[in-house]
Amino acid sequence: MNKQLYIYDCLAAKLRASDGVFMTIGAGEKNTFRVRMDAENGGSFAQRDSVCRFFPHGRIGQYSLNGVQLKADVVIRPDTMYLFVLEGGCFICWYGNDASRPDFSVYDPGIWYLYNPSREEWYGPYALTDLPLVAPELPDDVLASFQGLDHCAFYLRDIISVAQFVGTTMPDEQLPEPALGGAVESLRCPNCWEFFTPDEILSIASHPELMGDSILGEDAMLRFRPEYCNANGLPLDEMGVPCNEYACPHCHSKLPPFFSQTQQHIISLVGVPAAGKSYYLTAMVHELESQFPREFGMPFRDADPETNEPLNEMRMRLFTARTPQEAYIAKTHMQGRRYHKVWRQGVFANMPRPFIYNLNKGAEAHSIVLYDNAGEDFQPGHDNVLTPGSHHLSVASAILFLFDPTANPGFRQLLQESTDPQLRNALYRPGRQAMLLAESEMRLRTRLNLPPSEKLDIPMAIIIGKSDVWRHLLGPEALLPATRNGMFMAEHVNINSERLRQFIFNIAPHICTNAEAISSNVRYFAASALGEPPVEFQDEKSGSTLIGPASGQVHPVRVTEPLLWALHNVTPSLIPSSQV
């Protein structure tokens, strides 16, 4: 059964269910729950896949969850009662299956009781408005509960701040009556990964005199909340010039055109340094551009050519080069063009630049967000507020792990007769790929507050890369095609996955066990970004020996299958299956 988030408004005695969509709390008219507070939007609940979270917005005077004052977002774990206080609001949150949810119909927040743990005494009944009167005579750890709320209680110190708003709460006829799922859709910035609502999006001034931004500095164009629009619906800046560029309200980074009109899917590509992530990402995007129109009748287009320019440049190098040196893609560096500075959690952090592509199927509009992380982002010790480049793992719709067999001792032993120069590379460290998976699991569990006994259910693809060097080890039988006649062959992918899992388990079993400890939805794929072994060449500038693709021999093999499988899981209507 699918899980839902239920929120019970203790002041209004009303229950709402999220049904998987976005709900907000604040003073503004468009919020799902309106409360007396200074902030137009005080916070938002977002339910995505198997994870539900609350995100506080801005500076909140009083915000507590189960009596703990919080400043950052928090995971709402399944089958757990959360008591939530937000300035003038008092709520109960519960996330789980409908069959096991509490019986909210027995709640009566008009009758309150107090419990003094030091004396083990109960007091009451009281009306909510009586609590501020009795609070000064009681210790700070006294608990407050109401009729029907068994085995749970608020701290009295939190509730007394809410009680002053009783009688002044906006009457029901002034409150919006959204559908059960709420009236506001959630958006997530692809640069800082913070949530916001469409009405919070900032405009970027067009007039050249409107330079200087509160976050990005004097060299950036002003970001502002628009008040007036022209006849075409475009916001006007202070000089009356129409503006057609928009920015995130948190980090002020520019957003792709029509960002608020697409369903966003963040796809995280993970791999150790030198695993070939840049080559793989470049080859995959290149192949998708022709495969989507050919196989599924959909265009695969740049959402923002300016933002995607570093990846497009890599495509030009890889597929139009005349020599290995021209085709060579340098290692991704955390200070290079594939990274940029983003204002996040009060500091400028070094973040991977998002590469965004659009897919349209009829009225459906989707955006695929990809990142070319440096391998160091996933290494232990590189996860902090200044270098949070791997945090997109915790907000991803799917995870693609690129396994490098040329860096694995077991594969090297089996490939001793190969002339592939990658197998002579002495820089690999045994066990580092298993360590990366273990590090990824730790970060995911920490960020999502996921206990060791639980797994994620998001799609996780294990890609055994550089298949051109090891494919013969799998035997003469070809892998089954993943697509046929415009359909995604899900059963073929499952059969291939079983075969590849057994293959890699016999050589590197720790890869399988570590991956399957993270997600309950794992599949295995074989792919080659280049299609042929690379060659060695001398770098003209440094004189050092480098390894790059042989000119004219770039023929990617099965590089799109992991992403197609992931999208089929995330949004089945986009990628039709032969099983439907």
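Label separation (Ser551 vs Arg484): 4.1 nm, computed from points 7 Å beyond Cα along the C-beta direction.
Note on Arg424 and Asp150: with the Förster distance fixed at 56 Å, the Cβ-Cβ geometry gives a FRET efficiency of about 0.25. Building the convex hull from the alpha-carbon atoms of segment 190-260 and averaging its projection over directions returns 4.6 nm². Working ranking of peptides 7-14, 323-330 by packing, defined as the average number of other Cβ atoms within 10 Å per residue, highest first, is 7-14, 323-330.
Classify segment 233-302 from the C-alpha gyration tensor, please: rounded if a/c falls under 1.5, else prolate or oblate depending on whether a/b exceeds b/c. Cα axes put segment 233-302 in the oblate bin. Here is how the number arises for the chain: DSSP H runs of 4 or more residues each give -39500 (n - 2.57), the sum is divided by the residue count, and the result at 222 nm is -5500 deg cm²/dmol.
At 0.36 nm per residue, and after removing the present C-alpha to C-alpha distance, how many nm does the segment from Arg337 to Thr320 gain when stretched out fully?
Gain in length upon complete extension: 4.0 nm.
Converting phi to 3J(HN,Hα) with the Karplus coefficients 6.51, -1.76 and 1.60 and the offset θ = phi - 60°, segment 455-466 yields 10, 6, 10, 6, x, 10, 9, 9, 9, 7, x, 6 Hz in sequence order, with x at every glycine or proline. Residue by residue, segment 563-577 carries 3J(HN,Hα) couplings of 5, 4, 5, 4, 5, 4, 6, 6, 9, x, 5, 7, 10, x, 10 Hz when phi is fed to the Karplus relation 6.51 cos²θ - 1.76 cosθ + 1.60 (θ = phi - 60°); x denotes Gly or Pro.
Relative protection proxy for 554-560, 571-577, from highest mean packing down: 554-560, 571-577 (other beta-carbon atoms within 10 angstrom). With viscosity 1.567 mPa s and temperature 4 °C, the Kirkwood radius over alpha carbon pairs of the chain converts through Stokes-Einstein to a diffusion coefficient of 49 µm²/s.
Using all pairs of distinct alpha-carbon atoms, the Kirkwood hydrodynamic radius of segment 99-148 works out to 11.9 angstrom. Here's how it looks for Lys14: its modeled amide H is under 5 Å from those of Asp9, which are all 5 or more places away or on a different chain. Here the spin labels are modelled as points 7 Å beyond Cα on the Cα-Cβ line, and at Glu477 and Glu209 they lie 7.5 nm apart. Counting only Cα atoms, segment 4-174 measures 45, 35, 32 Å along its principal axes, largest extent leading. Karplus-based coupling profile of segment 199-211, in residue order and whole Hz: 6, 8, 4, 8, 9, 9, 4, 9, 5, x, 7, 8, 8, with θ = phi - 60° in 6.51 cos²θ - 1.76 cosθ + 1.60 and x standing for Gly or Pro.
Roughly speaking, what is the stretch gain from Glu238 to Asn97, that is 0.36 nm per residue apart minus the C-alpha to C-alpha distance, in nm to one decimal?
Extra length available between Glu238 and Asn97 comes to 45.8 nm.
Note on Asn360 and Asp199: with the Förster distance fixed at 30 Å, the Cβ-Cβ geometry gives a FRET efficiency of about 0.80.
For the peptides 404-413, 132-141, what is the packing order when you average, over each peptide's residues, the other Cβ atoms within 10 Å and list the highest mean first?
Peptide ranking by packing, descending: 404-413, 132-141.
Values quoted throughout were computed directly from the atomic coordinates according to the rules given, and no laboratory measurement underlies them. Please read these numbers as outputs of a predicted model, since none were measured by experiment. Virtual Cβ from ideal backbone geometry, glycine too; neighbours counted across all protein chains shown.
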